[in-house]
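Working notes for the structure below.
The values are calculated or read from the model by the stated rules, or taken from the named source; none is laboratory data. None of the values given here were measured: they were computed from a predicted structure. Counting neighbours? That spans all protein chains shown, and the Cβs are built from the backbone with ideal geometry, glycine included.
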C-alpha cells in the first residue's frame, strides 16, 4: 500500500488457515489497521495479491461480505437507534444469504447477554458510554456468525469485566463455531491468551511470526537470574534459568539467598524483536548491551 511516494505496506506476505486465530502486533504506524482494511475490502492495495475466502476483497460482493465480520476501531450509527433494534436489523441483512434450514445469525438476545448488553437492550445508542458502545460494535461484527472475523483493537475502552467476557466469547467463536480470526491489538496478554500465532509488523513489513513460545525462544539468554552470596548481589542472563539455578546451588549450597528468576515473556520478545528491527540488530543484542 502506497500513499503518494510513501510505502505504508511493503512486501507483507502471510497466510491464515481456516479456524486459526492470528494476532497482528506492532507499534503505532506499523501498518496493522491498513493491513486489516485491505483484507476487509475497505482499501484497495497499490500492488500485490490478496485473497480472502478465495476472493479479492476489493471485488467482494454481498454474498462474500455476508461471510465476514468486521469490528473496526470506531463505528457510527444513527444515535436514535436502540440497541436491540440495531442488532435485529443487522441480523436481518444476513437472511438472504443463509442457506435453507441453516441458522447462521446469533439470536439477538443471546448476543446481548454474551456481551452484557441485555440490560441496555432498549437504550438509545446516544446514551451509551464509550465502553458500552464498543461492546455494541463487537455485537454488530459477530451477529452474522461470520466465517472470518476481523477485529481491530477490539477491547479498546472495555472495562475489565467486559474484556473478560469478550475474550471468552472470542474463544467460543474460534473454538465452537470454527471461525477464523485476525485481530490487531496492543495488549500482549490478550494476544498470548487468544492467538494460535502472532505476526509482528514493523515499518509495513512482517518481521517475525510464530507462537508466543517460538517468539520468546528467539531471544535466547533473556531469562534473568538474581541472587546473593555472602552479602553480594549478582545478576545474570541465561537461556536456561532452571539449569543455571541448579548449578548455583551445586556450587554455593545454602550460601545462595534471595534467588529470583524472571523468565522471558512475550513482552520481552516483542520489545526485543521490534527494537532489533528498528536498529537493524539481531534480537536480544540491545537488551544484552543495556544489561
1 or more residues over 13 Å from the mean Cα position of the chain (by Cα): qualifying strands (runs of 3 or more DSSP E) within region 114-226: 148-152, 197-202, 205-210
Per-region count, region 9-31, residues surrounded by 14 or more Cβ atoms within 10 Å (Cβ to Cβ) and either within 16 Å of the chain's Cα centre (by Cα) or farther than 14 Å from residue 207 by Cα (or both): 12
Selection count, region 93-113, where residues are assigned to a loop (DSSP other than H, G, I, E, B) and at pLDDT 85 or above: 2
Matching residues, region 102-118, being more than 23 Å from residue 52 (Cα to Cα) and surrounded by fewer than 19 Cβ atoms within 10 Å (Cβ to Cβ): 107, 109, 110, 113, 116, 118
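Residues are listed down the side, and each one gets a yes or a no for (1) buried (at least 18 other Cβ atoms within 10 Å of the Cβ); (2) at pLDDT 85 or above; (3) touching a strand residue (DSSP E or B) at 6+ places or on another chain (Cβ under 7 Å):
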| site | (1), (2), (3) |
| --- | --- |
| 120 | yes, yes, no |
| 123 | no, yes, yes |
| 136 | yes, yes, no |
| 143 | yes, yes, no |
| 149 | yes, yes, yes |
| 154 | yes, no, yes |
Tally of residues being in contact with a strand residue (DSSP E or B) (Cβ under 7 Å, 6 or more places away or on another chain) and closer than 19 Å to residue 141 by Cα across region 1-45: 13
Within region 252-280, tally of residues that are in a helix (DSSP H, G or I), in contact with a strand residue (DSSP E or B) (Cβ under 6 Å, 6 or more places away or on another chain) and farther than 30 Å from residue 204 by Cα: 2
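If I filter region 204-216 down to residues being in contact (Cβ under 8 Å) with a residue 24 or more places away in the chain and out of contact with any helix residue (DSSP H, G or I) (no Cβ under 7 Å at 6 or more places or on another chain), which single residue comes out as surrounded by the most Cβ atoms within 10 Å (Cβ to Cβ)? Quick ask: steps written out before the conclusion?
Taking region 204-216 as the starting set, the residues that turn out to be in contact (Cβ under 8 Å) with a residue 24 or more places away in the chain are 204-209, 212, 215-216.
Those left that are additionally out of contact with any helix residue (DSSP H, G or I) (no Cβ under 7 Å at 6 or more places or on another chain): 204-206, 209.
Numbers: 204: 21, 205: 17, 206: 19, 209: 14.
Out of the qualifying residues, it is 204.
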Any hit, region 145-159, residues being without any contact (Cβ under 8 Å) to a residue 12 or more places away in the chain and in contact with a helix residue (DSSP H, G or I) (Cβ under 8 Å, 6 or more places away or on another chain): no
Subset tally (residues that are touching a strand residue (DSSP E or B) at 6+ places or on another chain (Cβ under 7 Å) and either loosely packed, with under 11 Cβ neighbours inside 10 Å or in contact (Cβ under 8 Å) with a residue 60 or more places away in the chain (or both)) for region 68-95: 8
The lone exception for residue 78 - which of (1) over 20 Å from residue 106 (Cβ atoms); (2) in a helix (DSSP H, G or I) it fails: (2)
Condition broken by residue 53, with the remaining ones in (1) at pLDDT 90 or above; (2) surrounded by 14 or more Cβ atoms within 10 Å (Cβ to Cβ); (3) out of contact with any helix residue (DSSP H, G or I) (no Cβ under 6 Å at 6 or more places or on another chain) satisfied: (2)
In region 227-251, the residues that are at pLDDT below 85 and assigned to a loop (DSSP other than H, G, I, E, B): 239, 240
